[in-house]
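The block underneath contains the structure these notes are about, expressed in structure tokens.
Just so it is clear, none of the values below were taken in a lab; they were calculated from the coordinates. Just so we're clear, the structure is a prediction, and the values are computed from it rather than from any experiment. Neighbour counts are summed over all protein chains in view; Cβ atoms, including those assigned to glycine, are modelled from backbone coordinates with ideal geometry.
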């Protein structure tokens with residue numbers, strides 16, 4: 001029955017038991033009530049035959065999660081479709097409604113933390129038709145080894161056709177030990 005999951009989560013949370021909600025789905029769900037009542041949500045999508053083992057390893061801290069959402073979770077079905085690379089003129093919000101996503105495309109957490117420093121774009125400014133190199137230094141500021149997905153987005157302010165507000169143009173997954181630093185470069 002639709003909505004029964006919310007009732008189940010509320011009943012479990014009401015017991016005072018620390019609760020983790022594990023979602024297995026193939027599309028973004030309306031989880032505002034769940035998000036407001038629990039501290040942890042794990043998104044599983046469609047898992048394979050080792051999905052249960054992988055989930056247990058993450059929940060028990062044996063593996064440090066480094067995944068990012070492949071979709072956007074909207075706050076309301078009225079905000080569908082929800083995607084990060086919309087055109088600047090798009091305004092699909094309702095009066096006095098928060099149209100920001102509940103969870104953005106590529107949102108994800110880890111058992112460690114990362115800091116980004118030393119962003120460099122060369123050449124600066126970038127001339128029309130020229131290429132550029134972008135680099136950033138990432139530091140693991142936490143106590144555990146972990147994976148981070150370094151992402152580069154662009155926006156073209158002046159173009160002959162309307163361009164999205166953000167375009168993912170590159171990403172790299174890196175593994176860093178505590179206090180380790182690494183520079184990621186995108187061409």
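With the crude spin-label approximation of a point 7 Å out along Cα→Cβ, what separation in nm comes out for residue 17 versus residue 172?
About 4.5 nm separates the two model spin labels.
Restricting things to Cα coordinates, could you compute the convex hull volume per residue of region 118-182 in Å³? Before the final figure, lay out each step's value.
Values: hull volume 6.4 nm³, N = 65.
Taking the convex hull of the Cα positions in region 118-182, it is 98 Å³ per residue.
Between residue 185 and residue 87, what FRET efficiency follows from the Cβ-Cβ distance if R0 is 30 Å, with the result rounded to 0.05? Spell out each step's value before the answer.
Values: r = 29 Å, r/R0 = 0.98.
Rounded to the nearest 0.05, the efficiency is 0.55.
Quick one: check the C-alpha center-to-center distance for region 30-64 versus region 131-180, whole angstrom.
25 Å
If I take every Cα pair under 8 Å that is 6 or more residues apart in the chain, average their sequence separation and divide by the length, what percent do I get for the relative contact order?
Working: 302 pairs, mean separation 31.9, N = 187.
Relative contact order comes out at 17 percent.
What ranking do 4-15, 33-44 get when scored by the average of other Cβ atoms within 10 Å per residue, highest first?
Values: 4-15: 12.4, 33-44: 14.7.
Sorting 4-15, 33-44 by mean packing, highest first, produces 33-44, 4-15.
Express the relative contact order of region 4-63 as a whole percentage, based on alpha carbon pairs under 8 Å and six or more residues apart in sequence.
Rounded, it is 32 percent for region 4-63.
Compute the relative contact order of region 114-186 as a whole-number percentage, counting only Cα pairs closer than 8 Å that sit 6 or more residues apart in sequence. It would help to have the intermediate numbers written out before the result.
Values: 130 pairs, mean separation 26.0, N = 73.
So the answer I get is 36 percent.
Which three extents, in angstrom, do the Cα atoms of the chain have along their principal axes, listed largest first?
Largest to smallest, the principal-axis extents are 60, 45, 31 Å.
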